[in-house]
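> Next up is a structure, given as structure tokens.
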Amino acid sequence: MQTQKLSLKHYLIIGSMLFGMFFGAGNLIFPIHLGQLAGAHWLTAGLGFLLTGTLLPLLGIIAISVTRSSGIYELARPIGKRYATLFMILTCATLGPLFATPRTATTPFQIGIAGHVSASQAPLYLGIYSLIFFGITYWASRKPSGIMDAIGKLLNPAFLILLALIFGFAFIKPLGTAHTAKVTAAYQGGAFLNGFLQGYNTMDALAALLFGIVVVNAIRGLGQHNPTAIAKTAAKSSLLSITLEALIYLGLIWIGATSLTVFKLSADGGLAFSQIAKAFLGISGEIILAVMATLTCLTTAVGLSSSFSEALHAKFPRIAYRTWNRLACGASFLIANIGLDQIIAWSTPMLMFLYPLAITLIMLSIASPLFRHDPIVYRWTTAFTLIPAGLDALNAAPAVISRQTWVQQLLALDDKYLPFAKYGMDWIAPALIGLAIGLSVTAIRWAITAHTVKTDQE
């Protein structure tokens, strides 16, 4: 099968496309807020954040490359077809019209517009803004073949120029010193783990699994058709985008920590970033930030809508890509008007449930050649991860759920018997137990098979 050799320019274009799809609403506001929470421990918290915010998405792309999967369904299929379908639907819904995509509109609105209108006028302005935002999103994502031009060549450079301007002022004349910034109680002894969990909010590990099909199609469009060549190109391109993203994250976290010299701890990263931009550039800083946030969130919205539509169209081909895209953009518009705070509050429990399952799936997929892709290992590990992941979701749910008596009783047992439960990491020990059982069962099956073959030969 003939394969077109790609140049550095092609790798940069694909990497730029991936960066644009990954770097969105949460990627802009959560690092700033993390820096304010961690204070002097900003670097420790930042390293934890990078694991789930950059390294895990990179491993997700590599997992798709190693297994030669075309998307999230194929990656999860060794666990079972029904599980793969359910996991794909939940991930698509989370990244699509339920949480991530609506957030791409509410975040830039919160940063650039909400502070300049009254509370009574905000719903009307949000409605107008989100209607225009998702109208553009639908236009840019209506044809999958146009995603590279819409993201990689146009919007990314504009965003990076605006971000570089903010960074330039921050580093030339910082607001304060990070190493003397106040550290909140949760980050005094658990900065790394808290930073690790904050990385969930970016949703990038889930996005990496969903974006796989977009990456594969984009690479094919450049003339590569050999599966091995596609896998290598995807891994190299994603490394470029993730490295740039990691540098930006550390810069944003540091800026958040230095801002505590001038500002108090903010309720969210959007407000904090708006204050910082205004401190450096006055009203023009707020305008730059509003434009920057809109651009970066728009690129992510296009990527999410395209990936959502392609993944579900591939699984349910009777429904056209354009129909799925209309659903994604229309539902995202409606949910965006609920407001950013409500979206974040209800997305957190879903992320606490899905992320442990995504992490184990990614690790198993990368290591699968070592155990010959045996589904038994996948199934045992996932089975032991499901229950603690569900408990973490209940613990992170809004008070209307988490404060229920039966929920509190379950969480008390969880905290008593499973290590790391108070950190939201209670799934690690069960997952390792499930992995050990799966590998043991596989080893026994191999031994029996080898013995049978040997006996037959004798």
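The values are calculated or read from the model by the stated rules, or taken from the named source; none is laboratory data. The structure displayed is predicted, hence computed values, not measured ones. Ideal geometry is used to build each Cβ from the backbone, glycine not excepted, and the neighbour counts take in all protein chains shown.
> Evaluate the following for Leu304: is it touching a Leu at 6+ places or on another chain (Cβ under 6 Å) and closer than 21 Å to Met88 by Cβ?
Spelling it out, Leu304 is indeed touching a Leu at 6+ places or on another chain (Cβ under 6 Å) and closer than 21 Å to Met88 by Cβ.
> Can you tell me which residue is surrounded by the fewest Cβ atoms within 10 Å (Cβ to Cβ) among those in segment 61-73 that are within 17 Å of the chain's Cα centre (by Cα) and over 18 Å from Glu310 (Cα atoms)?
Checking each candidate, the answer is Ile62.
> Moving to a separate point now. Quick one: in segment 367-386, of everything that is of a type in the set (A, V, I, L, M, F, W, C) and buried (at least 16 other Cβ atoms within 10 Å of the Cβ), which residue is farthest from Arg82 (Cα to Cα)?
Phe371
> What's the number of the only condition in (1) touching a residue at least 12 places away in the same chain (Cβ under 8 Å); (2) buried (at least 18 other Cβ atoms within 10 Å of the Cβ); (3) assigned by TED's automatic domain parsing to the domain that holds Ser69 that Leu354 fails to meet?
(3)
> Name the residue, out of Ile253, Ile287, that is buried (at least 20 other Cβ atoms within 10 Å of the Cβ), on the phi < 0 side of the Ramachandran plot and not polar (S, T, N, Q).
Selected residue: Ile253, the only one of Ile253, Ile287 that is buried (at least 20 other Cβ atoms within 10 Å of the Cβ), on the phi < 0 side of the Ramachandran plot and not polar (S, T, N, Q).
> Which residue, of Thr104, Thr91, Thr85, Thr54, is in a helix (DSSP H, G or I), hydroxyl-bearing (Ser, Thr, Tyr) and over 27 Å from Ile230 (Cα atoms)?
Thr104
> Then there's this: Which condition from (1) without any contact (Cβ under 8 Å) to a residue 40 or more places away in the chain; (2) buried (at least 24 other Cβ atoms within 10 Å of the Cβ) is the one that Thr296 breaks?
Unmet for Thr296, out of (1) without any contact (Cβ under 8 Å) to a residue 40 or more places away in the chain; (2) buried (at least 24 other Cβ atoms within 10 Å of the Cβ): (1).
> Let me ask another. When you check Ser241 against the structure, is it polar (S, T, N, Q), buried (at least 23 other Cβ atoms within 10 Å of the Cβ) and within 16 Å of Thr202 (Cα to Cα), yes or no?
The answer is yes for Ser241.
> Restricting attention to segment 256-282, which residues are under 20 Å from the mean Cα position of the chain (by Cα) and either surrounded by fewer than 24 Cβ atoms within 10 Å (Cβ to Cβ) or not assigned by TED's automatic domain parsing to the domain that holds Arg103 (or both)?
Of everything in segment 256-282, just one residue is under 20 Å from the mean Cα position of the chain (by Cα) and either surrounded by fewer than 24 Cβ atoms within 10 Å (Cβ to Cβ) or not assigned by TED's automatic domain parsing to the domain that holds Arg103 (or both), namely Asp268.
> I need the helices (runs of 4 or more DSSP H) fully contained in segment 341-448, keeping only those with at least 2 residues that are of a type in the set (Asp, Glu).
405-417
> Moving on. Does any residue in segment 378-398 that is over 16 Å from Leu90 (Cβ atoms) and assigned by TED's automatic domain parsing to the domain that holds Asn201 come within less than 9 Å, Cβ to Cβ, of a residue that is β-branched (Val, Ile, Thr) and surrounded by fewer than 21 Cβ atoms within 10 Å (Cβ to Cβ) six or more places away or on a different chain, and which pairs are these?
Cβ pairs passing all conditions: none.
> What residue, of Ile132, Ile166, Ile151, Ile128, is at pLDDT below 90, assigned to a helix (DSSP H, G or I) and more than 23 Å from the chain's Cα centre (by Cα)?
Answer to the check: Ile166.
> Only helices (runs of 4 or more DSSP H) wholly contained in segment 169-246 count here; list those with 2 or more residues that are of a type in the set (Phe, Trp, Tyr) and in the same structural domain as Thr299 (by TED's automatic domain parsing).
191-198
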